[in-house]
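Data block below; observations after.
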Amino acid sequence: MEGRTVMGNGMSGSTMWAGHWLWMLVIAILVVIPAWRICQRTGYPGWVGLLILIPVVNLGLLYFIAFSAWPVERQKHE
């Protein structure tokens, strides 16, 4: 291992590392699409569903959607 260290070798050349990013992309798509649609159906802009990707903010988003008065409901009552 002439001069190679574990830290110096890095993981960027590893196919496992590339697979990791591919799985992260797949999971992000599987999570964002339903969150986007839920936000649209409740009357919020779809892009609000992107907040589901941010740790801790995603929990706040779920509670906000669950317990707030949705714009769609407000329009029905008017």
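The values are calculated or read from the model by the stated rules, or taken from the named source; none is laboratory data. If you're wondering where the values come from, they're calculated on a predicted model, not measured in any experiment. With ideal geometry, Cβ positions are generated from the backbone for all residues, glycine too; neighbour counts draw on all protein chains shown.
Is there a residue in the range 55-67 that is surrounded by 11 or more Cβ atoms within 10 Å (Cβ to Cβ), modelled with pLDDT of 85 or more and among the small types (G, A, S)?
The answer is yes; a qualifying residue exists.
Of all residues in the range 29-41, how many are surrounded by 17 or more Cβ atoms within 10 Å (Cβ to Cβ) and closer than 14 Å to W70 by Cβ?
2
Between a first residue in the range 48-64 that is within 15 Å of P34 (Cα to Cα) and among the charged types (D, E, K, R) and a second residue that is part of a loop (DSSP other than H, G, I, E, B) and at pLDDT below 95, which pairs have beta carbons less than 7 Å apart while being 6 or more apart in sequence or on different chains?
Correct list of pairs: empty, since none qualify.
Is there a residue in the range 28-42 that is of a type in the set (V, I, T), free of Cβ contacts under 8 Å to residues at least 12 places away in the same chain and not in a helix (DSSP H, G or I)?
no
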